[in-house]
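Since the structure comes first, as C-alpha cells, the remarks are kept for the end.
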Amino acid sequence: MPIGRDEFFGSGDDKLFGRSSATAAFDFINRKLVGSGTITITGGAGRFSGATGIFNFSEIESLDVNPTALLRGQAFLSGSFQIPQQIPEPRTAATLFGICVIGISSILRRRYL
C-alpha cells in the first residue's frame, strides 16, 4: 500500500479507502512517538461504496531500543463518513391509473345523471 493511503476493513467485502496527512514527533527521552493527523475518506467497497468523510486521529507509540523494530501503538479516531443513498425514481403507473379512474368516473357520472 502506498504511503499516505489508508484502508479500513469491515465484514465481508466492506472497506473504506482514504488518504492521510499527519505529523509526528519523536520524544527520545521518554521513548515515545507522538503523532496526529487527518484521514480523508475517498471511497469504499461493498456497503461503503462511494463513501466520503473525514477522520481525525492521534496516536502515541512506544519506541523500542532496537532501531529496526516495528512501531506498535494505538491510534484514536474521531469523525464521520457518509454513504450516498440511491433515491428511487417515482413510478408513473400509479399516477396514470389514478387519472384513468377519475376520468372514467367523470364520464360515467355525466351519463347517469
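The values are calculated or read from the model by the stated rules, or taken from the named source; none is laboratory data. What you are looking at is a predicted structure, and each value in this text was computed from that prediction instead of being measured. As a convention, Cβ positions derive from the backbone with ideal geometry for all residues, glycine included, and neighbour counts pool all protein chains shown. Only protein heavy atoms, including side chains, enter the accessible area calculation; ligands, DNA and RNA are left aside. Shrake-Rupley method; radii C 1.70, N 1.55, O 1.52, S 1.80 Å.
Which residue out of Gly44, Gly12, Gly50 is within 16 Å of Phe81 (Cβ to Cβ) and assigned to a loop (DSSP other than H, G, I, E, B)? Steps first, please.
Working: Gly44 fails: assigned to a loop (DSSP other than H, G, I, E, B); Gly12 fails: within 16 Å of Phe81 (Cβ to Cβ).
Being within 16 Å of Phe81 (Cβ to Cβ) and assigned to a loop (DSSP other than H, G, I, E, B) holds for just one of Gly44, Gly12, Gly50, which is Gly50.
Does Glu59 fit the bill of being among the charged types (D, E, K, R) and over 18 Å from the mean Cα position of the chain (by Cα)?
On the way: among the charged types (D, E, K, R): yes; over 18 Å from the mean Cα position of the chain (by Cα): yes.
In short, yes.
Given the conditions (1) more than 20 Å from the chain's Cα centre (by Cα); (2) open to solvent by 70 Å² or more (accessible area, probe 1.4 Å), which single one is not true for Leu33?
Against the list (1) more than 20 Å from the chain's Cα centre (by Cα); (2) open to solvent by 70 Å² or more (accessible area, probe 1.4 Å), Leu33 comes up short only on (2).
Filter region 68-96 down to residues that are loosely packed, with under 10 Cβ neighbours inside 10 Å and modelled with pLDDT under 80, then give me how many there are.
Number of matching residues: 10.
Using beta carbons and a limit of 6 Å, which pairs, at least six apart or on different chains, have the first residue in region 27-42 and on the phi > 0 side of the Ramachandran plot and the second one surrounded by 14 or more Cβ atoms within 10 Å (Cβ to Cβ) and not in a strand (DSSP E or B)?
From residues that are on the phi > 0 side of the Ramachandran plot, the pairs are Arg31/Leu63.
Could you check region 52-67 and list, in sequence order, the residues that are within 18 Å of Ala24 (Cα to Cα) and either loosely packed, with under 11 Cβ neighbours inside 10 Å or touching a residue at least 40 places away in the same chain (Cβ under 8 Å) (or both)? Before you say what the answer is, go through the steps one by one.
Initially, region 52-67 is screened for residues within 18 Å of Ala24 (Cα to Cα), giving 55-64, 67.
Matches in region 52-67: Pro67 only.
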